[in-house]
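S.K.: Input: one structure, supplied below.
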Amino acid sequence: MSRLKKIDLSQNKWERYTLQWEYLSHELFWGKIRKFIDNSDLIIECCCGTGDFISEKSSENRNKKYIGIDYSYTVLQRAVKKSYKQNLDNVKFIYNDINKIFSDFDKSLKNNLKKIYINFPDPWPKRKHWKRRVIQTDFLNKIYNIMNDSTKLIIITDHDDYAKWIVKKLDKLSNKFSSKNKNWYTLKQDLTESSYYKKAMKKNNNIYYFEVLKK
């Protein structure tokens with residue numbers, strides 16, 4: 001749970017950039033998403049947090065459409081504020097749990113989906129909290145179901161134990177996923193400089209970069 005405090009953000013700004021899945025019917029919600037995407041390439045960031053990554057990427061690639069998903073209101077407020085300050089019109093945010101969104105995903109958008117990013121997800125290091133880790137077999141199966149043959153799933157973590165956890169989960173689904181990298185990942189340093197990336201570099205942590213395709 002985020003410990004950030006709410007910030008001063010007008011309702012108009014919030015509504016310009018966000019959609020709340022549970023308040024709309026399936027067809028109305030995904031109809032709004034289809035209209036926003038308008039047959040462009042779609043990039044999704046799961047657990048987008050305060051929007052460092054997605055605001056930079058969407059600013060650099062105005063011809064592509066970006067959707068950030070997060071269940072924390074206080075972090076999404078900051079993501080919306082960043083997008084508003086840059087007057088970005090190619091990014092939207094979904095205020096909800098990614099498992100629910102991917103379970104309900106509109107399959108007509110599969111061909112538009114180019115990349116799914118999961119950047120520095122919470123490692124939940126204590127064993128009793130491992131069930132809270134976002135990378136679970138069920139979640140990876142949901143991702144598999146919405147990918148097309150060229151969609152890239154990219155996972156980035158600087159937590160050694162979590163990297164091992166991800167490898168084990170992908171190993172179990174090796175009949176569904178493939179990677180050009182040995183052990184599923186490579187170590188990288190030339191990434192978008194989000195606050196999490198900067199913290200990892202400051203600590204001199206390994207940065208594990210998973211790039212996975214659908215078989």
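Read-outs: derived from the displayed coordinates by stated rules, not from any lab. The model shown is predicted, which means the values in this text are computed figures rather than measured ones. We place every Cβ from the backbone using ideal geometry, glycine too, and count neighbours over all the protein chains shown.
S.K.: Where the centre of each part is set by its Cα atoms, how far does segment 30-45 sit from segment 110-173, in angstrom?
M.R.: Comparing the Cα centres of segment 30-45 and segment 110-173, I get a distance of 22 Å.
S.K.: Quick one: dipole size for segment 67-172, taken about the Cα centre, charges +1 on Lys/Arg Cβ and -1 on Asp/Glu Cβ, in debye to the nearest 20.
M.R.: The calculation lands at about 220 debye.
S.K.: Size of the dipole of segment 11-214 about the Cα centre, Lys and Arg at +1 and Asp and Glu at -1 on the beta carbon, nothing else charged, in debye to 20?
M.R.: Around 400 debye, computed over segment 11-214.
S.K.: Considering amide H positions built from the backbone, and no H for Pro or chain starts, which residues 5 or more places from Leu19, or on another chain, come under 5 Å of its amide H?
M.R.: Excluding prolines and chain starts, which carry no amide H, the hits are Phe93, Ile94, Tyr95.
S.K.: By how many nm would the segment from Lys180 to Lys152 grow when fully extended, if each residue of separation counts as 0.36 nm and the alpha-carbon distance is taken off?
M.R.: 8.9 nm
S.K.: Extension gain Arg62-Gln136, at 0.36 nm per residue separation less the Cα-Cα distance, in nm?
M.R.: This chain segment gains 23.4 nm when fully extended.
S.K.: Next question, about the same structure. May I ask you to order 72-85, 177-190 by the average number of other C-beta atoms within 10 Å around their residues, highest value first?
M.R.: 72-85, 177-190
S.K.: Using θ = phi - 60° and the Karplus curve 6.51 cos²θ - 1.76 cosθ + 1.60, what whole-Hz ³J(HN,Hα) does each residue of segment 135-144 get, with Gly and Pro shown as x?
M.R.: So the J values, rounded to whole Hz, are 7, 10, 4, 4, 5, 5, 5, 5, 5, 3.
S.K.: Additional query: How would you order 140-149, 122-131 from highest to lowest mean count of nearby Cβ atoms within 10 Å?
M.R.: The densest-packed peptide leads the list: 140-149, 122-131.
S.K.: Which residue, chosen from Leu170, Ile43, Met147, occupies the Cα position most advanced towards the positive end of the dipole of the chain, where the dipole is computed from +1 (Lys, Arg) and -1 (Asp, Glu) charges on Cβ about the Cα centre?
M.R.: Going by the charge dipole, the pick is Leu170.
S.K.: Of the listed peptides 153-161, 202-210, what is their order by residue-averaged count of other C-beta atoms within 10 Å, with the highest listed first?
M.R.: 153-161, 202-210
S.K.: At 7 Å along the Cα-to-beta-carbon direction for both Asp190 and Lys85, put a label point, then send me their distance in nm to one decimal.
M.R.: 2.8 nm
S.K.: Follow-up. Arranged by the count of other C-beta atoms within 10 angstrom, fewest first, what order do Lys215, Lys92 take?
M.R.: Lys215, Lys92
S.K.: Show me, for segment 55-66, the HN-Hα J-couplings you get by feeding each phi into the Karplus relation (A = 6.51, B = -1.76, C = 1.60, θ = phi - 60°), rounded to Hz, glycine and proline as x.
M.R.: 5, 5, 5, 5, 5, 6, 10, 5, 7, 10, 10, 10
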